[in-house]
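Student: Following this message is one structure expressed as structure tokens.
The values are calculated or read from the model by the stated rules, or taken from the named source; none is laboratory data. Only a predicted model underlies this, so the values are computations on that prediction, with no experimental measurement involved. Please note: Cβ atoms are built from the backbone with ideal geometry, for glycine as well, and neighbour counts cover all protein chains shown.
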Amino acid sequence: MYVKDTAKAVLAALLLSFRKVDSDPSLQTWGGDTEAARPNLEEALRLQPDDFGVLYNVACNYAEMGDVERALDALDHTIATGAGSRSWIEHDPDFAKIRELPRFKQIMARLQ
């Protein structure tokens, strides 16, 4: 199992390091091309569905897009990894649009 997970992580890292800038979902999201970003976000989740960094960035992107349910789902999964800083998440400007929602507060309550 370890070898398989390591191989997936290496493949994901290589794909991320060699891909063109115009396929970077964060750049696409903040550049306003959210429809182009969505398949790249989903591909990142497919490659590394339990990776804290992937989940966190997916949550940030969906929050910026205004896709509240997907943002909260990804953030919920992010917290479930056991990683993350409550202070960082609470102050991340990417979550400004969803910070006051009851579900966001429920997710944050699970972080100590």
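Student: State all residues of the stretch 80-92 that are touching a residue at least 12 places away in the same chain (Cβ under 8 Å), out of contact with any Lys or Arg (no Cβ under 8 Å at 6 or more places or on another chain) and in a helix (DSSP H, G or I); if no residue qualifies, say none.
Tutor: Arg86, Ile89 - these are the residues of the stretch 80-92 that are touching a residue at least 12 places away in the same chain (Cβ under 8 Å), out of contact with any Lys or Arg (no Cβ under 8 Å at 6 or more places or on another chain) and in a helix (DSSP H, G or I).
Conditions tested, residue by residue: (1) in contact with an Asp or Glu (Cβ under 9 Å, 6 or more places away or on another chain); (2) farther than 15 Å from Leu111 by Cβ.
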{"residue": "Pro39", "(1), (2)": "no, yes"}
{"residue": "Phe52", "(1), (2)": "no, no"}
{"residue": "Ala59", "(1), (2)": "yes, no"}
{"residue": "Tyr62", "(1), (2)": "yes, yes"}
{"residue": "Met65", "(1), (2)": "no, yes"}
{"residue": "Ala80", "(1), (2)": "yes, no"}
{"residue": "Ser87", "(1), (2)": "no, no"}
{"residue": "Asp92", "(1), (2)": "no, no"}
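Student: So Ala12 clears everything in (1) modelled with pLDDT of 65 or more; (2) part of a helix (DSSP H, G or I); (3) of a type outside the set (Ser, Thr, Tyr) except one condition, right? Which one?
Tutor: For Ala12, the exception is condition (1).
To keep it simple, each residue is scored yes or no on (1) touching a residue at least 40 places away in the same chain (Cβ under 8 Å); (2) β-branched (Val, Ile, Thr); (3) farther than 19 Å from Val54 by Cα; (4) outside any loop (DSSP other than H, G, I, E, B).
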site: Ala71; (1), (2), (3), (4): no, no, no, yes
site: Ala74; (1), (2), (3), (4): no, no, no, yes
site: Thr78; (1), (2), (3), (4): no, yes, no, yes
site: Asp94; (1), (2), (3), (4): no, no, no, yes
site: Arg99; (1), (2), (3), (4): no, no, yes, no
site: Phe104; (1), (2), (3), (4): no, no, no, yes
site: Met108; (1), (2), (3), (4): no, no, no, yes
site: Leu111; (1), (2), (3), (4): no, no, no, no
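Student: Here's something else I'd like to know. Among the residues of the stretch 84-110 satisfying the criterion of being exposed (fewer than 13 other Cβ atoms within 10 Å of the Cβ) and among the aliphatic types (A, V, I, L, M), which is nearest to Arg38 (Cα to Cα)?
Tutor: Ala96
Student: Next up: Is it the case that the stretch 56-68 has a residue that's over 11 Å from the mean Cα position of the chain (by Cα) and surrounded by fewer than 16 Cβ atoms within 10 Å (Cβ to Cβ)?
Tutor: Yes, the stretch 56-68 has at least one match.
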